[in-house]
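The values are calculated or read from the model by the stated rules, or taken from the named source; none is laboratory data. None of these values were measured; they are calculated from a predicted model. Cβ placement follows ideal geometry from the backbone for every residue including glycine, while neighbour counts extend to all protein chains displayed.
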Amino acid sequence: MSTLLQVKNVTKKYGGLTANNAISFDVAENEILSVIGPNGAGKSTLFKMIASFTPTTSGEVIYQGERISNLKPHIVARKGVVRTFQETTIFKSMTVRESVVVAQHLRAKASLAGYFWGSKTAKEDVTAFEKYADELLEFLGMSEISNEQASNLPQGSLRALGIAIGLATDPKVLLLDEPFAGMNHDETMNMVNLVRSVRDERGVTVMLVEHDMPAVMNISDRIVVLNFGEKIAEGTPSEIQNNEKVIEAYLGSVDDEIGM
Amino acid sequence: MEQILANGVYLGAQYAMIALGLTLIFALMNVLNFAHGQMYVIGGFVTYTFYGQWGVPFVLALVMSCVTLAILGALIERFLFAPVIKGSAREESTMLLAAGIAFFLDAVILLVFGEKQRGVPKILDGVLNWDFRIIMPYDRILICLLAILSIVAFIGLMQYTKTGRALRALAQDRTAAQLMGVNVDRYSMIGFALGAMLAGLVGGLLVTITGVNLGMGGPTSIKAFMMVMIGGAGVISGAIWGGIILGFMEAIGLALLYQYGDITYLLIFVSLMIFLAIRPQGLMGKPWG
Amino acid sequence: MLGFTSKQLIGVGIFLFMIFIGVPLIIGATGRWDFYFTLTSVALLAIASAGVWLTFYIGRINIGQGAFALIGAYVSAILVVKAGWSFWISLPAAGLFAAIVAILIGMPILRLRGVYFAMITLVLTQVVTLTALALPITNGASGISNIPLPSGISVFGIPILPDFAGMENTKLAFYYTACIIMILTYAALYRLVNSRLGHLCRSMQQNEELASSIGVNISYIRIVIFAISSFFGGLGGAMFGSIAQSVYPSSFQVADSVNFMLNCFLGGLGYVFGPMLGTLVLYFGWDLLFEFGKYQMLIYSTILIIIIRFLPNGLLSIRFGKGGDK
């Protein structure tokens with residue numbers, strides 16, 4: 001598989017605090033790659049830099065051979081690298097369907113003026129968007145709630161909505177920020193299958209930040225581990241599970257006295 | 001040069017007090033008290049009434065201003081702001097309310113105090129003349145000192161008393177303060193009353209120097225906003241800096257630019273807009289967004 | 001037709017009838033000619049308020065429309081008086097100039113949000129007033145007076161618009177003009193809100209970051225919307241100058257900016273026609289209270305406070321609940 005995205009020596013400093021230090025790794029096309037690490041490891045900051053919502057202090061992110069770091073966020077989104085948000089970030093007073101329709105606007109063929117005057121192209125766009133929205137919602141198993149106001153949805157559906165919005169832009173790379181957060185076992189399994197089918201059936205490369213270890217091990221092709229802003233390991237789930245540094249990072253160092 | 005400094009300190013101290021009141025209210029309730037200028041005017045008129053008309057000793061008249069505004073502030077918070085904040089879907093409603101209250105207070109001032117400019121007899125005669133390098137009437141110096149004292153007292157209150165700590169907690173995080181047992185409703189009221197009182201106190205102090213009239217409310221509010229914007233909304237030190245900076249800018253501007261007419265404030269405004277474009281959170285404000 | 005329900009079309013029809021035929025009849029019958037001025041003012045202020053409403057649509061509280069109204073008034077006055085232009089051409093020119101100023105100022109300040117943006121727009125109004133006082137071209141404190149009434153327009157000798165100076169009833173003419181512009185403004189607003197641009201604005205209003213993440217160029221759209229809002233402000237201001245036949249630095253002040261905001265809030269920010277209703281209620285209310293002399297402001301502000309206290313979501317929320325997009 002070819003390399004789609006490269007994180008090259010990305011560093012982020014906030015004043016004296018180093019959130020990320022010279023992180024480098026590659027993401028292959030069509031893979032599911034997870035970024036894990038204890039709290040405060042710098043995972044979300046890294047994601048924000050990849051989607052260019054935060055500037056890097058040094059280093060760059062290359063996507064399809066082009067630098068995308070430090071560009072305006074909407075430009076990166078237009079290039080096909082789209083992120084979802086950790087907090088339940090949605091369009092509060094839009095319905096599920098409306099949100100997914102709005103999210104497709106990038107693919108509109110008619111101009112803004114065309115929409116204002118109600119041109120034929122504009123009308124065709126709207127029909128296409130609504131059709132695609134319905135299709136997408138069905139794919140994600142959200143058809144029943146498509147007319148619900150986003151603010152009325154339970155947590156699990158909100159996460160799905162976030163993914164729906166991200167998917168509606170027709171991305172090549174989807175950055176999911178803690179998609180399984182706050183979910184029970186069943187909901188997590190559902191989401192895992194969903195994310196997997198997003199990659200399988202829609203050919204999207206997926207990157208995740210997550211804390212839910214079983215889910216991560218289940219779903220990832222490869223994993224990158226961060227701790228205190230540094231990359232400490234990279235590899236397949238089984239490699240990571242047996243990696244000493246990773247175990248140490250999560251459990252703390254071995255306690256000689258207890259002899260464990 | 002020293003004259004400009006002296007004028008700057010004098011103006012700065014007054015302005016800092018006004019800014020403090022406004023920023024306190026903003027910190028507590030995220031509301032821009034549009035009526036702040038009107039509260040200042042009311043303070044001036046109350047002192048005028050007690051000291052100028054009824055011959056009550058000056059300090060007592062000041063106290064009356066403080067009390068009046070504190071009560072007014074408390075009532076406004078308790079019966080108007082608190083319910084609107086709770087009942088509204090949008091935060092703009094409180095801004096709307098503040099505007100309405102500003103209009104209301106203007107009307108009240110008109111009816112109770114009339115539209116004439118009022119002044120009071122000087123509280124201290126004589127002028128300090130230091131070698132002609134600094135010329136400042138004694139009463140201004142006194143007022144300046146009183147203002148500085150009040151600011152120090154206010155900071156002391158905020159830092160070292162239980163009330164002050166509760167207010168600071170409330171300003172930082174409403175929910176956390178509640179969880180720590182702070183009676184959020186009561187302290188919101190106290191905080192607003194305190195902010196109003198500060199405005200009234202300055203009004204009372206300045207009526208002895210510049211007098212007071214109905215029309216001063218609006219422009220004073222705008223100056224207050226500017227100071228808060230310079231220093232950073234919701235930050236105490238920011239308010240003080242904002243007041244001082246505006247005071248100095250005014251002093252410098254008036255001294256150097258008077259020949260060009262009234263462009264001092266125009267320049268101040270324009271610089272403010274440029275400054276905010278570069279640093280929207282003000283000097284000490286927390287970065288947001 | 002046109003995708004509206006018959007109920008909506010009837011509503012619009014009645015509204016238009018009232019404005020163009022009903023009102024003149026009523027005024028003629030009751031002899032209250034001063035109402036023409038009142039209603040004309042309402043129409044023009046509603047145009048400016050529409051601009052403020054639009055800025056709110058991208059999530060910014062705009063208390064600076066007075067600045068753009070003043071700019072528009074001055075530009076039109078200067079063009080007519082000093083450059084001899086026809087009023088009808090100076091009108092869009094005034095709007096355009098205001099829009100350009102908005103773009104220039106908007107670039108730095110539109111990143112600010114919430115109260116910060118509100119505060120700086122408040123300052124803006126004051127700045128424009130002071131500038132008007134200071135510039136020679138605006139005649140400083142004396143302002144520009146004796147502005148001639150709008151001249152007629154004829155194309156190839158065929159009169160399209162009559163010359164106002166030769167009219168018997170200029171009040172009626174101004175009234176009709178103001179109403180037409182107001183209707184056009186709100187029609188444009190309605191269309192915009194229901195178009196893709198409107199969707200993008202709504203997405204920005206609700207969550208700027210999320211909008212960014214789906215590729216919305218938020219800085220660009222903010223500036224475009226702010227420019228359109230200010231265009232409306234300039235338009236309203238220019239017409240006002242024409243009616244009053246004079247423009248002074250005090251023609252539009254901070255209080256006016258605040259009033260435009262009030263009009264929007266009162267009418268309800270969720271409704272396109274909110275500002276129209278809000279302006280009508282507030283302005284008419286203010287005018288009607290004139291009889292109370294010095295108690296006017298007291299009663300007015302008391303009512304205002306009561307309304308805000310008990311209807312914090314605006315007047316239209318009585319019928320429609322917390323907010324919609326019609």
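Can you spot a residue in the stretch B:211-220 that is within 15 Å of B:Gly12 (Cα to Cα) and within 14 Å of chain C (Cβ to nearest Cβ)? Full working, then the answer.
Of the residues in the stretch B:211-220, the ones within 15 Å of B:Gly12 (Cα to Cα) are B:220.
Going one step further and asking which of them are within 14 Å of chain C (Cβ to nearest Cβ), we end up with B:220.
Within the stretch B:211-220 (the criterion being within 15 Å of B:Gly12 (Cα to Cα) and within 14 Å of chain C (Cβ to nearest Cβ)), the answer is yes, since at least one residue qualifies.
Please count how many residues of the stretch A:79-96 are within 15 Å of C:Leu200 (Cα to Cα) and not aliphatic (A, V, I, L, M). Give the derivation first.
From the stretch A:79-96, those within 15 Å of C:Leu200 (Cα to Cα) are A:90-95; that's our starting set.
Still in the list and also not aliphatic (A, V, I, L, M): A:91-93, A:95.
Going through the stretch A:79-96 one residue at a time, the tally reaches 4.
Quick one: which residue in C:Ala102, C:Ala94, C:Ala83 is among the hydrophobic types (A, V, I, L, M, F, W, C), outside any helix (DSSP H, G or I) and either more than 14 Å from chain B (Cβ to nearest Cβ) or out of contact with any Lys or Arg (no Cβ under 9 Å at 6 or more places or on another chain) (or both)?
Matching residue, one of C:Ala102, C:Ala94, C:Ala83: C:Ala83.
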Here is a list of conditions, (1) assigned to a helix (DSSP H, G or I); (2) crowded, with 21+ Cβ neighbours inside 10 Å, and A:Pro179 meets all of them except one; can you say which number that is? (1)
Going through C:Ala238, C:Ala211, C:Ala227 one at a time, which residue ends up being within 14 Å of chain A (Cβ to nearest Cβ) and under 14 Å from the mean Cα position of the chain (by Cα)? C:Ala227
State yes or no: is C:Arg222 modelled with pLDDT of 85 or more, surrounded by fewer than 24 Cβ atoms within 10 Å (Cβ to Cβ), more than 9 Å from chain A (Cβ to nearest Cβ) and in a helix (DSSP H, G or I)? yes
B:Tyr138 vs (1) under 19 Å from B:Ala13 (Cα atoms); (2) among the hydroxyl-bearing types (Ser, Thr, Tyr); (3) modelled with pLDDT of 85 or more: all pass except (3)
Log entry, pairs with first residue in the stretch C:180-198 being under 17 Å from C:Trp88 (Cα atoms), second being of a type in the set (A, V, I, L, M), beta carbons closer than 6 Å, six or more apart or on different chains, reads C:Met182/C:Ala43; C:Met182/C:Ala46; C:Met182/C:Ile47; C:Thr185/C:Ile47; C:Thr185/C:Ala50
Selection over the stretch C:305-326 where residues are buried (at least 18 other Cβ atoms within 10 Å of the Cβ) and at pLDDT 85 or above yields a count of 1
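So which of C:Ser246, C:Ser250 ends up being within 25 Å of C:Tyr176 (Cβ to Cβ), at pLDDT below 90 and hydroxyl-bearing (Ser, Thr, Tyr)? Before you say what the answer is, go through the steps one by one.
Values: C:Ser250 fails: within 25 Å of C:Tyr176 (Cβ to Cβ).
That would be C:Ser246, the only listed residue that is within 25 Å of C:Tyr176 (Cβ to Cβ), at pLDDT below 90 and hydroxyl-bearing (Ser, Thr, Tyr).
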Considering only residues that are of a type outside the set (Val, Ile, Thr) and closer than 27 Å to A:Asn184 by Cβ, look in the stretch A:223-260 and name the one that is modelled with the lowest pLDDT. A:Leu251
Scanning the stretch C:64-100 residue by residue, those free of Cβ contacts under 8 Å to residues at least 40 places away in the same chain and touching a helix residue (DSSP H, G or I) at 6+ places or on another chain (Cβ under 7 Å) turn out to be C:Leu79, C:Trp85, C:Ala93
Subset of the stretch B:146-164 that is surrounded by fewer than 16 Cβ atoms within 10 Å (Cβ to Cβ) and over 16 Å from the mean Cα position of the chain (by Cα) - its residue that is nearest to B:Tyr187 (Cα to Cα): B:Thr163
Just the residues that are over 22 Å from A:Thr127 (Cβ atoms), aliphatic (A, V, I, L, M) and facing chain A (nearest Cβ under 10 Å), please, taken from the stretch C:177-208. C:Ala188, C:Met204
Only one residue in A:Val225, A:Val192, A:Val126, A:Val206 is away from every other protein chain (no Cβ under 14 Å), touching a helix residue (DSSP H, G or I) at 6+ places or on another chain (Cβ under 9 Å) and part of a helix (DSSP H, G or I). Which one? A:Val192
For the stretch C:251-277, what are the residues that are within 11 Å of chain B (Cβ to nearest Cβ), among the small types (Gly, Ala, Ser) and within 17 Å of C:Leu54 (Cβ to Cβ)? C:Ser257, C:Gly268, C:Gly270
When (1) in contact with a strand residue (DSSP E or B) (Cβ under 9 Å, 6 or more places away or on another chain); (2) within 14 Å of chain C (Cβ to nearest Cβ); (3) of a type in the set (Phe, Trp, Tyr) are applied to B:Tyr10, the one that fails is (2)
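Output the residue which, of all residues in the stretch B:277-289 that are aliphatic (A, V, I, L, M) and under 21 Å from the mean Cα position of the chain (by Cα), is modelled with the highest pLDDT. I'd like the intermediate steps shown before the answer.
Residues of the stretch B:277-289 that are aliphatic (A, V, I, L, M), as a first pass: B:277-278, B:283-284.
With the extra rule that they be under 21 Å from the mean Cα position of the chain (by Cα), the set shrinks to B:283-284.
Working: B:Leu283: 79, B:Met284: 75.
Taking the candidates together, the pick is B:Leu283.
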Among the residues of the stretch A:137-162, write down those that are over 17 Å from C:Ser203 (Cβ atoms) and in a helix (DSSP H, G or I). A:Leu137, A:Glu138, A:Phe139, A:Ser143, A:Glu144, A:Ile145, A:Asn152, A:Gln155, A:Gly156, A:Ser157, A:Arg159, A:Ala160
Over the stretch B:75-92, the set of residues surrounded by fewer than 22 Cβ atoms within 10 Å (Cβ to Cβ) and closer than 18 Å to B:Met189 by Cα is B:Leu75, B:Arg78, B:Phe79, B:Leu80, B:Ala82, B:Pro83, B:Val84, B:Ile85, B:Lys86, B:Gly87
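I need the helices (runs of 4 or more DSSP H) fully contained in the stretch A:1-111, keeping only those with at least 1 residues that are surrounded by fewer than 20 Cβ atoms within 10 Å (Cβ to Cβ). Let's see the steps before the verdict.
Details: elements: A:43-50, A:73-79, A:96-102.
Once the helices (runs of 4 or more DSSP H) in the stretch A:1-111 are filtered for at least 1 residues that are surrounded by fewer than 20 Cβ atoms within 10 Å (Cβ to Cβ), what remains is A:43-50, A:73-79.
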Return the residues of the stretch A:189-222 that are polar (S, T, N, Q) and either at pLDDT below 85 or under 24 Å from A:Leu17 (Cβ atoms) (or both); say none if nothing qualifies. A:Asn190
Scanning the stretch C:245-278 residue by residue, the ones that are in contact with a helix residue (DSSP H, G or I) (Cβ under 6 Å, 6 or more places away or on another chain) and farther than 17 Å from C:Ala69 by Cβ total 8
When the residues of the stretch A:227-248 are filtered to those that are over 28 Å from A:Lys13 (Cα atoms) and in contact with a strand residue (DSSP E or B) (Cβ under 7 Å, 6 or more places away or on another chain), which remaining residue is surrounded by the fewest Cβ atoms within 10 Å (Cβ to Cβ)? A:Thr236
Restrict the check to the stretch B:181-195 and report whether at least one residue is crowded, with 23+ Cβ neighbours inside 10 Å, touching a Phe, Trp or Tyr at 6+ places or on another chain (Cβ under 6 Å) and among the hydrophobic types (A, V, I, L, M, F, W, C). no
Exactly one of these conditions fails for C:Leu288: (1) touching a residue at least 12 places away in the same chain (Cβ under 8 Å); (2) of a type outside the set (Gly, Ala, Ser); (3) surrounded by fewer than 24 Cβ atoms within 10 Å (Cβ to Cβ); (4) away from chain B (no Cβ under 14 Å). Give me its number. (1)
